[in-house]
Amino acid sequence: MKKYPFTLINYGFAVLFFLAFLTSCQFFPFWNEVNTTTQTQKETTLKNIRGIYIQSFIGDNIQQFQKKFLTSLKSIRKYSVTELLPDNLEQLGVLRIRVNDYTIWENEERINPFTDFGEFDVSPDTQFVRRNALVNVHISLYQADSGKILIQKQFSQPFQQIYFGEEEVKNRISKEDELIRLTALLSKKVINALLEIKPEDQPLDLKKGFGYDFISGTVYDFGDWRIRKGIKFADAGNLEQAVEVWKIVLFEPGKKEPAAIYIQNKTAAYYNLGSAYLRQKKWLEAADMFSNANRINREMEYAQAWGDSIQSWLEEQQLRKVSDAMVEAEQMKKAPEAQPTYEENPRVDKLSIVNHEDLLLKPLKLWPLESLIKDKFDQNQIPIGNETNQ
């Protein structure tokens, strides 16, 4: 038999075959497995959860909160929810819920007669009702078969609104319905955490305003053309350009724009600016815009957005304090047993807002614009939590 030499081409085929073998081979863990961080492993495990067992439900007013929360939780198609421990613990999450706050209260107040009212039709010394509410829960989710913590976090849903005049006060929704509404909003936050949906992954809720041409009045109202132009920039991911366009709306009305429509479009521009700042995590700027929108048209949506902005700012300040303290403790190189402990998710309770005049929804002017208070923010002098005002 004639023998053929093992040429360079044969070597090439051999190398290609060997590489293909390694790529598909399951016997080399160093080839197929990638080192992951604890956070990545945590996310992967959470995605594998298919059922949720509610182990405990404790705290204040849990009967009022529990029904609405469970209805929202059971609406998730990804998970099967049970209050009885199943036999099979695979792909099962164990949920513990502690209700910290489920409260609502109101105060009768009077506007400062020395305030500059500007464009807003409110008389000095006018009385109004301020409604405050807070739903706050602590959620712990564990992997059933290993006991590993998947989620451990505080979820808060605050609310504050002001009501002027007898008609507004009379027509405000009941306290019970208000708490139910807040529970639904908080439940959505928890569900988004379970589904690993981040706020930046959700589309912006933007207002288009009102048009004032012939088509808008007779056929279909497509909204104000300047506001819609800003929305196009925002949809394209150019928030900075969108902000500049909406600021123009605040500067002056459009040509031949009726005064009543301009007020509505100005409200829409304020709200859109707040939404943009919220996406950029500029909490105080967002709160400013939402407060202005609420001053012109007192709507629950605007007041709720203001409360969410303030809540995010408070949580950021608390976490920053914890982080700074931990860094300081590390630098001092204290013994482990002497180092203080810190909450992973510090609680922001209702006193954080209500006990401080600077953290209130102003009926006429929002506090971040006041230079003295802004200086306090810059110097981290404003107390948070259960401390008292200086």
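What follows draws every value from the coordinates through simple rules; no lab data is involved. Here the structure is a predicted model, which is why all the values come from computation and not from measurement. Cβ placement follows ideal geometry from the backbone for every residue including glycine, while neighbour counts extend to all protein chains displayed.
At-a-glance table
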{"quantity": "Size-normalised alpha-carbon gyration radius of the stretch 131-203, reference 2.2 N^0.38 Å", "calculated": "1.49"}
{"quantity": "Label point 7 Å beyond Cα of Arg279 along Cβ direction - residues of the stretch 222-258 with amide nitrogen under 16 Å", "calculated": "227-247"}
{"quantity": "Protection-proxy order for peptides 134-146, 285-297, each taking the mean of Cβ atoms within 10 Å per residue, highest first", "calculated": "285-297, 134-146"}
{"quantity": "Among Leu150, Val135, Phe214 the positive-end extreme of the charge dipole of the stretch 122-249 (Cβ point charges)", "calculated": "Leu150"}
{"quantity": "Backbone HN-Hα couplings from phi across the stretch 101-107 [Karplus 6.51/-1.76/1.60, Hz, Gly and Pro as x]", "calculated": "9, 8, 10, 8, 8, 9, 10"}
{"quantity": "Efficiency of FRET between Ala236 and Val169 - r from beta-carbon atoms, R0 30 angstrom, step 0.05", "calculated": "0.10"}
{"quantity": "Cα-projected label distance for Gln202 with Glu299, points at 7 Å along beta-carbon direction, nm", "calculated": "1.7"}
